[in-house]
1. Answer with yes or no whether residue 186 is surrounded by 19 or more Cβ atoms within 10 Å (Cβ to Cβ) and either of a type outside the set (D, E, K, R) or in contact with a Pro (Cβ under 6 Å, 6 or more places away or on another chain) (or both).
2. Just checking, which of 74, 68 is in a helix (DSSP H, G or I), touching a residue at least 60 places away in the same chain (Cβ under 8 Å) and under 21 Å from residue 215 (Cα atoms)?
3. Please verify whether the range 120-138 includes one or more residues that are assigned to a helix (DSSP H, G or I) and at pLDDT 95 or above.
4. Note down all Cβ pairs under 9 Å where the first residue falls in the range 174-193 and is under 18 Å from residue 121 (Cα atoms), the second is among the polar types (S, T, N, Q) and part of a loop (DSSP other than H, G, I, E, B), and they're at least six residues apart or on different chains.
5. Quick check: anything in the range 90-99 part of a helix (DSSP H, G or I), farther than 29 Å from residue 157 by Cβ, in contact (Cβ under 8 Å) with a residue 60 or more places away in the chain and in contact with a Pro (Cβ under 9 Å, 6 or more places away or on another chain)?
6. Could you list all residues from the range 159-170 that are touching a helix residue (DSSP H, G or I) at 6+ places or on another chain (Cβ under 7 Å) and surrounded by 16 or more Cβ atoms within 10 Å (Cβ to Cβ)?
7. Pick from the range 20-37 the residues that are in a helix (DSSP H, G or I) and among the hydrophobic types (A, V, I, L, M, F, W, C): which of them is nearest to the chain's Cα centre (by Cα)?
Amino acid sequence: MAHDAALTYSTYLALDEVLGAQRPRSDEHDEPLFIAVHQVYELWFKQLLHEFDHLQAVLARGDTAHATRTLRRTLSIFKVIVAQVDVLETMTPSQFTSFRTRLDAASGFQSAQFRELEAVLGHRDGSVLAHHAGAPALAAAMARPSLFDSFLVYLAEHGYAVPEGLLTRDVTQAWQPSPALQAVLLAVYADDGGPSTIAEYLVDLDEGLQEWRYRHVKMVERTIGAMPGTGGSPGAAYLRGTLFTPVFPDLWAVRGAL
């Protein structure tokens, strides 16, 4: 009976496929860097989606310990993806211009995984689906409870009086800040227990996303200025519009009352 070849580092990590996935369209020195960084982004996006799926499951059962560990991991990943901007910023505008035309219509705006991440965090915009018709995972993410919805279930599991209407809301609609929930959050912080720790990690997560958005827009501005992005995307103008918009607004609304 034939036996499979012994598992090696290379076969376990599928390195032939991974290292063969960088296919520059020019001979310019900097294009492989551009490709590698963006491929690594997509790998981290995939891992974040995996972690958030687990996080929502443990929050739904009120598990503070596992939720804490998972949130700490996601925060570490966000620090890594923010740091990757430093690598991209070693490329000058002229170095990017040397191969930019070879990108044709390809644009970071087409990242279905990042749009899915936004949806998991609560973003609801039906027009996004029109640009990602072949991304069923994105449509599914917009149709199911967001991470913040799972946090509300977690609070209810810990005995907090989350309004029933918020627990049974139409999750396909964008979240609207709730004064009633903010009163609950003040009670959570006053108790200063596990739920308040989870709340603070969610604030950290929100801040980490905003930090990545800021670094991303500044990187685009220093590389192409106010020019449209590849594929006719709005470029920095669109990215600036996403800045300073929290995904968990109620957690920020209570800061002044703590």
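1. no
2. Testing whether each residue is in a helix (DSSP H, G or I), touching a residue at least 60 places away in the same chain (Cβ under 8 Å) and under 21 Å from residue 215 (Cα atoms) leaves just 74.
3. Yes, the range 120-138 contains a residue that is assigned to a helix (DSSP H, G or I) and at pLDDT 95 or above.
4. Going by the 9 Å Cβ cut-off, the qualifying pairs are 175/146.
5. For the range 90-99, residues part of a helix (DSSP H, G or I), farther than 29 Å from residue 157 by Cβ, in contact (Cβ under 8 Å) with a residue 60 or more places away in the chain and in contact with a Pro (Cβ under 9 Å, 6 or more places away or on another chain): present.
6. 160, 162, 166
7. Per the stated criteria, the residue is 37.
For every residue, the table says whether it meets (1) in a helix (DSSP H, G or I); (2) small (Gly, Ala, Ser); (3) over 26 Å from residue 46 (Cβ atoms); (4) touching a strand residue (DSSP E or B) at 6+ places or on another chain (Cβ under 7 Å).
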site: 141; (1), (2), (3), (4): yes, yes, no, no
site: 149; (1), (2), (3), (4): yes, no, no, no
site: 159; (1), (2), (3), (4): no, yes, yes, no
site: 176; (1), (2), (3), (4): no, no, yes, no
site: 185; (1), (2), (3), (4): yes, no, yes, no
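The values are calculated or read from the model by the stated rules, or taken from the named source; none is laboratory data. What you are looking at is a predicted structure, and each value in this text was computed from that prediction instead of being measured. Please note: Cβ atoms are built from the backbone with ideal geometry, for glycine as well, and neighbour counts cover all protein chains shown.
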